[in-house]
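Take a look at the structure set out below.
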Amino acid sequence: MEIRGPNGVVAGVDGSAPAAAAAEWAAREAERRGTGLHLVHAVNTGTVTLSPRTGTAVTDLILREAAELLDTVRAALEAAHPALRITADVVPGDAAEAVLAAAEHATLAVLGTRGHGGFAALLLGSVSLRVAAHADCPVVVVRGADHPAGPFLVAVHDERDAAALRFACAGAARRGLPVRALHTWSPVVAEVGRTTPMVDEPGEEAALHERLLRRTCDPVREDYPEVELAAHQLTGSTAATLVEESRTAALVVLSRYEPAPRFGLRLTGPVHAVLHHAHCPVAVVPV
């Protein structure tokens with residue numbers, strides 16, 4: 001297998017079950033891409049101690065235990081994927097910042113839904129949200145079930161989503177899976193006073209959306225002729241539709257349109273909702 005670099009795919013690990021599932025997903029994806037896998041384990045060494053001497057000892061212990069955990073994870077992945085090049089780092093500091101730094105030169109970052117630092121009742125941890133909101137590369141949050149024969153679902157709002165559609169087609173081509181582009185919209189209703197709502201000419205609005213969908217999908221079809229790409233337009237909520245359709249999907253792919261401020265989350269409502277409620281892994285692609 002040709003290895004292009006150790007940072008092709010980056011995965012955050014912390015010893016939790018969701019992180020272990022994410023690392024395994026990342027290993028399989030790195031194999032498909034022919035790249036290396038880089039594991040990142042961030043630990044907080046800012047322990048309050050009674051003396052500098054005690055502080056150094058505690059820090060060394062924390063880092064040693066973190067290295068042992070990372071070695072265990074790495075060894076298990078190497079046993080399961082002997083042809084895959086795997087590198088790993090223990091990083092003192094904030095977990096989200098550590099993954100973001102490691103992902104600066106990566107092609108993909110992979111995370112679990114939440115780690116040991118979060119509350120079990122939360123659907124998605126703050127680290128995964130922050131990385132999905134800020135990373136320069138696509139981010140996959142591994143959740144639910146990865147249906148191996150299911151399609152890649154792509155939310156298509158307008159032509160800006162061509163990048164997310166290409167990401168999905170490239171991934172689907174590596175697995176031999178189909179891609180479904182889903183364009184959801186709600187009919188325009190014009191209310192005149194308090195009379196019965198008025199709607200456009202029947203079918204006129206649907207035809208506009210159909211043309212938009214073709215403009216987005218047709219160029220991508222030409223670039224990926226080996227991928228079965230079906231386009232569908234549906235009326236209703238984007239988030240609710242994607243969450244329901246994700247029950248049988250291999251991956252849901254969403255666009256992140258605007259770069260988020262470094263300290264704050266600016267994911268759109270549908271992206272936020274799907275990350276929390278999807279029944280399969282979710283990819284967020286910056287466009």
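At a probe size of 1.4 Å, how large is the accessible area of E104, to the nearest 10 Å²?
About 110 Å², ignoring ligands and nucleic acids.
What is the Cα centroid distance between the stretch 126-160 and the stretch 200-256, reported in whole angstrom?
Result: 16 Å between the Cα centres.
If I stretch the segment between L69 and R28 completely, what's the gain in nm (0.36 nm per residue apart, minus their alpha carbon distance), one decimal?
12.7 nm
Using θ = phi - 60° and the Karplus form 6.51 cos²θ - 1.76 cosθ + 1.60, what ³J(HN,Hα) does each residue of the stretch 99-105 get, whole Hz, x for Gly and Pro?
Once θ is set to phi - 60°, the couplings for the stretch 99-105 become 5, 4, 5, 5, 8, 4, 10 Hz.
How large is ³J(HN,Hα) for each residue in the stretch 10-15, as worked out from phi by the Karplus curve 6.51 cos²θ - 1.76 cosθ + 1.60 (θ = phi - 60°), to whole Hz, x for Gly and Pro?
10, 10, x, 10, 8, x
The values are calculated or read from the model by the stated rules, or taken from the named source; none is laboratory data. Every value quoted in this text rests on a predicted model; they were computed, and no experiment measured them. Heads up: the accessible areas ignore ligands, DNA and RNA and are worked out on the full protein's heavy atoms, side chains in. Shrake-Rupley method; radii C 1.70, N 1.55, O 1.52, S 1.80 Å.
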